[in-house]
Amino acid sequence: MLLRTAWRRVATTAPAAPGPRAKPPTRGLRLRGIDLTPQSAVASDAATALEAESVLRPLYMDVQATTPLDPRVLDAMLPYLVNYYGNPHSRTHAYGWESEAAMECARQQVASLIGADPREIIFTSGATESNNIAIKGVARFYRSRKKHLITTQTEHKCVLDSCRSLEAEGFKVTYLPVKKSGIIDLKELEAAIQPDTSLVSVMTVNNEIGVKQPIKEIGQICSSRKVYFHTDAAQAVGKIPLDVNDMKIDLMSISGHKIYGPKGVGAIYIRRRPRVRVEALQSGGGQERGMRSGTVPTPLVVGLGAACEVAQQEMEYDHKRISKLAERLIQKIMKSLPDVVMNGDPEHHYPGCINLSFAYVEGESLLMALKDVALSSGSACTSASLEPSYVLRAIGTDEDLAHSSIRFGIGRFTTEEEVDYTVEKCIHHVKRLREMSPLWEMVQDGIDLKSIKWTQH
């Protein structure tokens with residue numbers, strides 16, 4: 001409130017800048033005003049500033065990589081970035097107390113979203129750190145009695161890499177395969193559990209193909225076999241209803257920037273009853289019940305809390321709206337283009353993540369052609385690699401189809417016009433690239449490409 005009052009005073013007293021008024025943004029590409037000039041140069045070089053304000057940017061359709069900050073979240077964060085800057089662990093003065101109160105309020109907001117107790121929420125720097133704490137922390141704490149873990153082949157890279165680092169320490173890890181739909185076989189999971197299994201880690205919603213795993217059933221299996229169950233819910237929290245008690249989840253990873261919150265903050269849920277013990281990865285002042293030392297960044301956790309509260313209020317509305325837009329995108333593309341495959345189970349699926357393979361088109365070529373739409377061919381964490389997605393390979397997708405996949409992300413702020421524009425551009429460029437493809441020509445002539453024996457020259 002103080003900050004807003006100050007801004008209003010500045011706005012009313014500051015004289016209007018001379019010179020022509022900037023034109024309003026035009027549609028087609030999303031036009032965002034960005035001031036790229038240094039502060040000192042603004043007064044001396046008004047022309048450059050005006051030019052910098054009209055930077056054309058692509059439409060954003062990659063919400064699985066990150067989401068924009070919800071303005072309501074920014075409003076909640078601002079006072080803690082400027083006025084309430086106390087260290088939440090300072091117990092001797094009001095600056096610390098007010099920051100601590102805000103931090104505990106945020107903890108309550110996160111807990112409320114997943115049906116947990118606020119004392120079970122530990123703030124971290126993001127889902128990668130949460131996954132590391134859950135997997136390495138549980139494995140190392142119970143290493144004297146239990147040396148086996150279970151995960152799936154389609155997990156996020158940070159889960160797979162954490163498991164590989166534990167293998168180097170002498171642990172055994174079972175990587176469960178998935179069916180063509182992307183969902184694990186529950187019988188295979190049951191068969192894989194051994195007397196010395198300490199943890200099962202299965203993600204709730206896949207970040208590349210949007211498949212939802214049967215979390216409740218997995219939780220029941222783990223609970224009956226007295227094995228801890230961890231789920232990476234970065235892509236699911238705030239988007240689909242989750243209840244840690246109903247689903248018998250023991251540990252859960254949460255990310256701020258996937259739910260319209262700030263980057264650099266996340267949380268891990270660690271069950272208190274029956275108690276789950278983890279070995280801390282980070283040494284220090286013993287903050288966050290000794291599980292994650294380091295000063296908690298008050299503005300960021302306030303942002304995470306606000307994002308969770310907004311998500312809880314808007315979940316039903318967002319889900320309906322996103323489902324409608326997703327259906328529109330899939331139907332329009334499928335109706336206009338032959339040989340398009342949707343990857344992953346169409347029923348057990350989060351609608352905002354659509355992964356399509358366009359046969360006889362190179363995915364990278366299509367991404368370059370669609371330069372006015374921000375899209376991805378898979379996970380942002382592995383998108384620098386030209387290898388086909390390991391998730392698509394795990395569900396049995398042919399290598400050529402895996403290379404031709406594009407992930408479309410639809411979120412809270414995606415509009416119908418943006419979906420229509422993306423579809424129109426996508427159809428146009430797929431048709432153009434196929435016309436250039438000799439493989440497409442051969443298919444049109446009725447030649448079965450699998451029957452051809454290619455020779456190397």
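Search region 119-161 for residues being aromatic (Phe, Trp, Tyr) and touching a Ser or Thr at 6+ places or on another chain (Cβ under 9 Å), and hand back the single one that is least open to solvent (accessible area, probe 1.4 Å). Outline the logic, then answer.
Quick first cut of region 119-161, residues aromatic (Phe, Trp, Tyr) only: 123, 141-142.
Of the ones still in play, those that are also touching a Ser or Thr at 6+ places or on another chain (Cβ under 9 Å) are 141-142.
Working: 141: 81, 142: 24 Å².
So the residue we want is 142.
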ask   = Scanning region 279-302 for residues that are touching a Phe, Trp or Tyr at 6+ places or on another chain (Cβ under 6 Å) and assigned to a loop (DSSP other than H, G, I, E, B), which turns out least open to solvent (accessible area, probe 1.4 Å)?
value = 296
ask   = Can you spot a residue in region 265-278 that is open to solvent by 10 Å² or more (accessible area, probe 1.4 Å), of a type outside the set (Asp, Glu) and within 28 Å of residue 410 (Cα to Cα)?
value = no
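List the helices (runs of 4 or more DSSP H) inside region 354-457, counting only whole elements, that have at least 3 residues being under 20 Å from residue 60 (Cβ atoms), at pLDDT 90 or above and not assigned by the TED database to the domain that holds residue 158.
Details: elements: 363-369, 390-394, 399-403, 416-435, 438-444.
Where helices (runs of 4 or more DSSP H) fall fully within region 354-457 and carry at least 3 residues being under 20 Å from residue 60 (Cβ atoms), at pLDDT 90 or above and not assigned by the TED database to the domain that holds residue 158, they are 363-369, 416-435.
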request  = Quick one: count up the residues across region 258-275 that are more than 12 Å from residue 128 (Cα to Cα) and of a type outside the set (D, E, K, R).
outcome  = 7
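Conditions tested, residue by residue: (1) in contact with an Asp or Glu (Cβ under 9 Å, 6 or more places away or on another chain); (2) more than 24 Å from residue 235 (Cα to Cα).
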position	(1), (2)
301	no, no
305	no, no
311	yes, no
328	yes, no
337	no, yes
347	no, no
358	yes, yes
376	yes, no
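Filter region 93-110 for residues that are open to solvent by less than 30 Å² (accessible area, probe 1.4 Å) and not aliphatic (A, V, I, L, M); which is farthest from residue 75 (Cα to Cα)?
So in region 93-110, the residues open to solvent by less than 30 Å² (accessible area, probe 1.4 Å) come out as 96, 99, 102-103, 106-107, 110.
Still in the running and not aliphatic (A, V, I, L, M): 96, 99, 107.
Working: 96: 21, 99: 16, 107: 18 Å.
Once the filter is applied, the top-ranked residue is 96.
Is it the case that residue 328 is in contact (Cβ under 8 Å) with a residue 24 or more places away in the chain and within 30 Å of residue 242 (Cβ to Cβ)? Walk me through how you get there before you give the answer.
On the way: in contact (Cβ under 8 Å) with a residue 24 or more places away in the chain: yes; within 30 Å of residue 242 (Cβ to Cβ): yes.
Against the criterion (in contact (Cβ under 8 Å) with a residue 24 or more places away in the chain and within 30 Å of residue 242 (Cβ to Cβ)), residue 328 qualifies.
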task = Specify which of the listed residues (99, 90) is touching a Gly at 6+ places or on another chain (Cβ under 6 Å) and part of a loop (DSSP other than H, G, I, E, B).
result = 90
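Restricting to region 326-341, give me the number of residues that are over 19 Å from the mean Cα position of the chain (by Cα), of a type outside the set (Ser, Thr, Tyr) and part of a helix (DSSP H, G or I). Give the derivation first.
Taking region 326-341 as the starting set, the residues that turn out to be over 19 Å from the mean Cα position of the chain (by Cα) are 327-341.
Next cut, of a type outside the set (Ser, Thr, Tyr) only: 327-335, 337-341.
Then drop every residue that is not part of a helix (DSSP H, G or I), which leaves 327-335.
So the answer is 9.
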query = In region 169-223, what residues are small (Gly, Ala, Ser) and open to solvent by 20 Å² or more (accessible area, probe 1.4 Å)?
reply = 170, 181, 191, 223
message = Between 387, 362, which is open to solvent by 40 Å² or more (accessible area, probe 1.4 Å) and touching a residue at least 24 places away in the same chain (Cβ under 8 Å)?
response = 362
remark   = Within region 73-92, the residues that are surrounded by fewer than 20 Cβ atoms within 10 Å (Cβ to Cβ) and either under 20 Å from residue 291 (Cβ atoms) or not assigned by the TED database to the domain that holds residue 240 (or both) are 87, 89, 91
ask   = Is at least one residue of region 271-285 modelled with pLDDT of 95 or more, touching a strand residue (DSSP E or B) at 6+ places or on another chain (Cβ under 8 Å) and in the same structural domain as residue 406 (by the TED database)?
value = no
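The values are calculated or read from the model by the stated rules, or taken from the named source; none is laboratory data. All of these numbers come straight from a predicted model, not from anything done at the bench. Heads up, the Cβs are rebuilt from the backbone with ideal geometry, glycines too, and the neighbour counts pull from every protein chain shown. For the accessible areas, the whole protein counts, side chains as well, though only heavy atoms, and no ligand, DNA or RNA atoms are used. Shrake-Rupley method; radii C 1.70, N 1.55, O 1.52, S 1.80 Å.
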